[in-house]
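The values are calculated or read from the model by the stated rules, or taken from the named source; none is laboratory data. All of these numbers come straight from a predicted model, not from anything done at the bench.
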Amino acid sequence: MDEQRNLYVSDNWNSAVKRYKLGENNGTVVAGGNGQGAGLNQLNNVYYLFVDRD
C-alpha cells in the first residue's frame, strides 16, 4: 500500500500489475497487461511486487 492508500497487486494470470484505490472493486492496470513476454509493455511471471517511496 502506498501513501495515498492505493494497493498494488501482481496479477500473474494476466501478466500485469494492478492498482486498487480505496473502495474500488476493479483495479487499473499500471504495468503490463499486454500478454506474457519481454516487450517494453509486457511482463513475464509476475509473482512478487515491491513498492518504495521513489
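Going by what's in this entry, would ASP11 be described as of a type in the set (Asp, Glu) and at pLDDT below 90?
Judged against the criteria, ASP11 is not a match.
Yes or no, residue by residue, for (1) of a type outside the set (A, V, I, L, M); (2) at positive phi:
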{"position": "ASN6", "(1), (2)": "yes, no"}
{"position": "ALA16", "(1), (2)": "no, no"}
{"position": "ARG19", "(1), (2)": "yes, no"}
{"position": "GLY23", "(1), (2)": "yes, yes"}
{"position": "GLY27", "(1), (2)": "yes, no"}
{"position": "GLN42", "(1), (2)": "yes, no"}
{"position": "ARG53", "(1), (2)": "yes, no"}
